[in-house]
C-alpha cells in the first residue's frame, strides 16, 4: 500500500509528479519516427492507474514531452481532472538539464503544488540523480524507474527535500 502522508513540509513546499511515460513497445520494433510511437496495451493500463494516484491529489497543471507516448500517458489524467496537456520540448529526450532548470524555476517562486511532468527515462535518470546530489538527498532507489512509474518529489525554495518512487505496481492503491 502506498502512503504519501509522509510528505508534509508545509504550505511553502511544492509537490511535483515526475512521471515516466507508459510502456510503448521497443524502439527497434517500430518503423518510422520514434516521436510518434504510441502506448501499447500495457502502457494504456499504466496511464489509467496513474489517474487513480494523481487525481485525488488535485494536480494543478499537466506538462508533457511532445512525444506521443508521453501525451497519451497524460491523456486519461487530463480528461479526469479537466486540465489540458501542455506540450514542451523541455521534457523531450536528452533535455535533462533543461528539465532540471524548469523544475528549479517551477519550485522557487511559490508556484502551486501539483504540477505533473511527463517525460522519458533518460531525462528522469539524469534529473533525479543530479537534483538529489546537488541538494544532498539520498534516493530510495536508483532512477529512472520502470516505464509507467512516477517520482513524487517535494521541493522547498527550489531545493529537493523529499522524493518517493512509485513503481507501476504501486499505482493502484494510495491513501
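The values are calculated or read from the model by the stated rules, or taken from the named source; none is laboratory data. No experiment lies behind these values; they were computed from the predicted model shown. Glycine also receives a Cβ, built like all others from the backbone with ideal geometry; neighbour counts cover every protein chain displayed.
Computed values, structure above
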quantity: Sole residue being modelled with pLDDT of 95 or more and touching a strand residue (DSSP E or B) at 6+ places or on another chain (Cβ under 7 Å), chosen from 66, 76; calculated: 66
quantity: Among (1) in contact (Cβ under 8 Å) with a residue 12 or more places away in the chain; (2) touching a helix residue (DSSP H, G or I) at 6+ places or on another chain (Cβ under 9 Å), the one test that residue 79 misses; calculated: (1)
quantity: Residue that is farthest from residue 82 (Cα to Cα) [pool: residues in segment 46-56 that are surrounded by fewer than 16 Cβ atoms within 10 Å (Cβ to Cβ) and out of contact with any helix residue (DSSP H, G or I) (no Cβ under 6 Å at 6 or more places or on another chain)]; calculated: 52
quantity: Residue satisfying condition, being in contact with a strand residue (DSSP E or B) (Cβ under 8 Å, 6 or more places away or on another chain), surrounded by fewer than 19 Cβ atoms within 10 Å (Cβ to Cβ) and touching a residue at least 12 places away in the same chain (Cβ under 8 Å), within set 132, 163; calculated: 132
quantity: Yes/no for residue 42 being part of a loop (DSSP other than H, G, I, E, B), more than 13 Å from residue 119 (Cβ to Cβ) and over 14 Å from the mean Cα position of the chain (by Cα); calculated: no
quantity: Of all residues in segment 146-173 being in a loop (DSSP other than H, G, I, E, B) and over 19 Å from residue 71 (Cα atoms), the one that is modelled with the lowest pLDDT; calculated: 173
quantity: Subset of segment 129-140 [under 16 Å from the mean Cα position of the chain (by Cα) and not in a helix (DSSP H, G or I)]; calculated: 139
quantity: Residue within segment 105-117 that is assigned to a loop (DSSP other than H, G, I, E, B) and touching a helix residue (DSSP H, G or I) at 6+ places or on another chain (Cβ under 6 Å) present; calculated: no
quantity: Condition met for residue 114 (farther than 16 Å from residue 16 by Cβ, surrounded by fewer than 21 Cβ atoms within 10 Å (Cβ to Cβ) and either more than 12 Å from the chain's Cα centre (by Cα) or in contact (Cβ under 8 Å) with a residue 24 or more places away in the chain (or both)); calculated: no
